[in-house]
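To start, the structure itself, in structure tokens.
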Amino acid sequence: MARKALHKIELKLLFMVLVSTFALWNCNRAKVGSIKPENVKAEIQSGATVLDVRTPSEFASGHIAGAKNISIDSADFLGAANTLDKKGTYVVHCSANVPKGRTDRAIEQLRSIGFQNLLSMTGGIAAWKEKGFPTE
């Protein structure tokens, strides 16, 4: 009887170790956080996509080359986002990336539908331009 109880404990411990290992592995794969404008070019060269969540008129006034524009204010933001590869890495930004602003809302919504590799560009497009980096 004691042997069965010990076996159950061993199985529970093994299960806990496996679950913890999977959780850590999954967390290590995800990129979530912020990125400075001066590091965005390297991220793009590594395959990241810039996701500009400003309005179409703001986007038209100047954006990072190759950026995709999906306005967080659009009624179909999640529908448009669902056309993107959820396994990709995205550098998300708006005008200035203020706390609880458009970028934070976009990242929260993107994470809710399965995106994991999301980087918020500190300072938004304003910081990008302030650094003298080109826009089109």
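The values are calculated or read from the model by the stated rules, or taken from the named source; none is laboratory data. Please read these numbers as outputs of a predicted model, since none were measured by experiment. Note: accessible area is taken over every heavy atom of the protein model, side chains too, but ligands, DNA and RNA are not part of it. Shrake-Rupley method; radii C 1.70, N 1.55, O 1.52, S 1.80 Å.
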- Counting only heavy atoms of protein chains, what accessible area per residue, in Å², does the range 65-136 have with a probe of 1.4 Å? 51
- Query: In the range 29-136, carbon and sulfur make up what percent of the accessible area (probe 1.4 Å)?
  - Reply: 50
